[in-house]
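The values are calculated or read from the model by the stated rules, or taken from the named source; none is laboratory data. The structure presented is a predicted model; accordingly, all values stated were derived computationally and were not measured. Note that each Cβ is placed from the backbone with ideal geometry, even for glycine, and that neighbours are counted across all protein chains shown.
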Amino acid sequence: MVSILIVDDSDVECTLVRSIIAKNFPDSVISIAHNGQEAFNLLAKSPADIILSDIMMPVMDGLEFCRKVKNIPSLKDVPVLLVSSLYQLHEKNEGFEAGASDYIVKPIETDEVVARVKVHLSIKQNHDELKKLNKDLKAAQEALIQSEKMSAVGSLAAGISHEFNNILGMLKGYVQLSQQKSRIEEVKSFLSVMVELIDRGEFLVRSMMDFSKGSVSENKQKVMLPVLIKKVLVLMEQMLRSKCIEIEFSDQTVLEIECYPNQLSQAFINFIKNAMEACEESSIKKIKIEYGKFIIGTDGKESAYIRFIDTGSGIPEAIRNRIFDPFVTTKGVISGGDKSKSGTGLGLTITYDIIKKHNGDVKVEKTGPDGTTMLVCLPL
Ligand SMILES: Nc1ncnc2c1ncn2[C@@H]1O[C@H](COP(=O)(O)OP(=O)(O)OP(=O)(O)O)[C@@H](O)[C@H]1O
Ligand SMILES: [Mg+2]
């Protein structure tokens with residue numbers, strides 16, 4: 001189905017062009033306007049695939065209308081065919097200079113109008129397809145770049161994890177030996193705490209190795225999204241309270257998702273930690289978490305959304321396009337940023353990877369001096 005806009009101040013001309021179009025393009029939706037301004041108002045409501053416009057009209061003539069259309073980014077690719085009784089070369093040139101794609105001299109011939117409309121519709125269709133292909137290609141390129149960056153982080157993590165695992169193993173051996181040899185009970189109890197800490201270290205290193213291999217050591221499970229968020233909030237309660245951060249969260253909507261619960265919790269912790277750190281200097285320190293369902297696309301597919309809304313200082317403009325890249329941080333001595341906070345710049349890189357593993361999406365929905373909103377979408 002194509003939508004065709006006819007612009008002419010003469011009712012007779014409008015009827016003539018309309019009947020040619022209706023007969024030769026039976027699938028088309030035709031709109032009529034009687035001057036440039038009226039046509040412009042129509043286009044604001046519903047865009048057209050092609051426009052056939054007269055030149056001499058009251059209120060706004062065809063040339064001015066054409067120039068206006070070509071100045072609007074969302075309309076500039078719509079072909080405008082000028083249809084006029086002005087037949088001189090300089091008049092035609094003026095039309096092309098205004099941005100017209102073609103020029104038809106009145107009195108019109110049916111075959112000519114049909115042929116020219118066909119050509120321009122086909123050019124427009126090819127152009128639209130190319131534009132879409134370009135967009136898809138750009139998205140694929142971005143995904144590839146991100147995955148290359150992730151694999152660089154992965155190799156680094158794998159190298160460090162491997163060495164660190166060896167060190168921890170040897171350390172554990174010596175601590176256990178000391179435990180056996182020691183006769184002092186107090187020292188023995190200290191040593192058993194050390195073994196526990198080494199065990200935790202080993203677990204962390206194993207998780208890091210899993211991450212670098214791209215493997216997931218947990219199984220996908222069905223969980224209630226609000227329950228998962230609540231668990232994360234309980235885990236972080238102490239930290240949030242010590243920073244006087246107010247949390248707003250209502251778990252009233254029932255919403256079940258299939259996910260890797262530990263990984264998704266880790267992603268949520270990273271968002272809340274970032275929001276908390278951004279709020280530290282704000283007069284109002286508040287983090288609001290919203291969630292719900294929405295429909296994407298025309299096939300009625302449902303997705304879950306989760307928003308982390310903070311009242312922090314916003315993401316600094318210099319890094320806004322790079323926050324999901326590894327090692328991008330404004331915190332800590334190495335980055336030359338805020339020395340009172342510590343950050344590796346890996347939080348959002350890992351978070352991005354986790355959300356992608358869930359076939360979801362994450363983006364900055366809004367950021368500025370009043371705060372930031374991070375939006376996560378997960379397929380249901
Ligand atoms: N909600 C937020 N408000 C303002 N800035 C943010 C927010 N979330 C992220 N940022 C910015 O993005 C940067 C990168 O975030 P990311 O979580 O990847 O690393 P980090 O917090 O610096 O360190 P860590 O690896 O410890 O998480 C942060 O340093 C911060 O400048
Ligand atoms: Mg962080």
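Of all the residues in segment 30-72, those that are touching a residue at least 12 places away in the same chain (Cβ under 8 Å) and farther than 18 Å from Ala100 by Cα number 9.
Here Ile55 passes the criteria (1) out of contact with any Leu (no Cβ under 7 Å at 6 or more places or on another chain); (2) at pLDDT 95 or above except the one numbered (1).
Within segment 245-258, residues that are without any contact (Cβ under 8 Å) to a residue 12 or more places away in the chain have Cβ atoms under 9 Å from residues that are surrounded by 15 or more Cβ atoms within 10 Å (Cβ to Cβ) and charged (D, E, K, R) in these pairs: Ser250/Glu290, counting only partners at least 6 apart in sequence or on another chain.
Can you find even one residue in segment 297-315 that is among the polar types (S, T, N, Q), within 27 Å of Asn359 (Cβ to Cβ), in contact with a strand residue (DSSP E or B) (Cβ under 9 Å, 6 or more places away or on another chain) and away from ligand 1 (no atom under 12 Å from the Cβ)? Looking through segment 297-315, at least one residue is among the polar types (S, T, N, Q), within 27 Å of Asn359 (Cβ to Cβ), in contact with a strand residue (DSSP E or B) (Cβ under 9 Å, 6 or more places away or on another chain) and away from ligand 1 (no atom under 12 Å from the Cβ).
Condition check ((1) assigned to a helix (DSSP H, G or I); (2) within 15 Å of Val362 (Cβ to Cβ); (3) among the hydroxyl-bearing types (Ser, Thr, Tyr)) across all residues:
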{"site": "Met276", "(1), (2), (3)": "yes, no, no"}
{"site": "Gly292", "(1), (2), (3)": "no, no, no"}
{"site": "Ile306", "(1), (2), (3)": "no, yes, no"}
{"site": "Thr329", "(1), (2), (3)": "no, no, yes"}
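Take the residues of segment 320-336 that are within 17 Å of Thr372 (Cβ to Cβ) and within 12 Å of ligand 2 (Cβ to nearest atom): which is modelled with the lowest pLDDT? The residue in question is Lys331. Any residue in segment 114-133 that is without any contact (Cβ under 8 Å) to a residue 12 or more places away in the chain sitting within a Cβ distance under 9 Å of a residue that is polar (S, T, N, Q)? List the pairs, counting only those 6 or more apart or interchain. That search, which allows pairs on different chains as well, returns Lys118/Asn24.
Note on segment 32-47: residues that are surrounded by fewer than 19 Cβ atoms within 10 Å (Cβ to Cβ) and not in a helix (DSSP H, G or I) total 4. Taking each residue of segment 230-242 that is assigned by TED's automatic domain parsing to the domain that holds Lys288 and looking for partners that are small (Gly, Ala, Ser) and surrounded by 14 or more Cβ atoms within 10 Å (Cβ to Cβ) with beta-carbon atoms closer than 7 Å, six or more apart or interchain, yields Lys231/Ser265; Val232/Ser265. In this structure, Gln263 does not satisfy being within 30 Å of Ile323 (Cα to Cα) and loosely packed, with under 13 Cβ neighbours inside 10 Å. When Leu75 is tested against (1) outside any loop (DSSP other than H, G, I, E, B); (2) buried (at least 16 other Cβ atoms within 10 Å of the Cβ), only condition (1) is not met.
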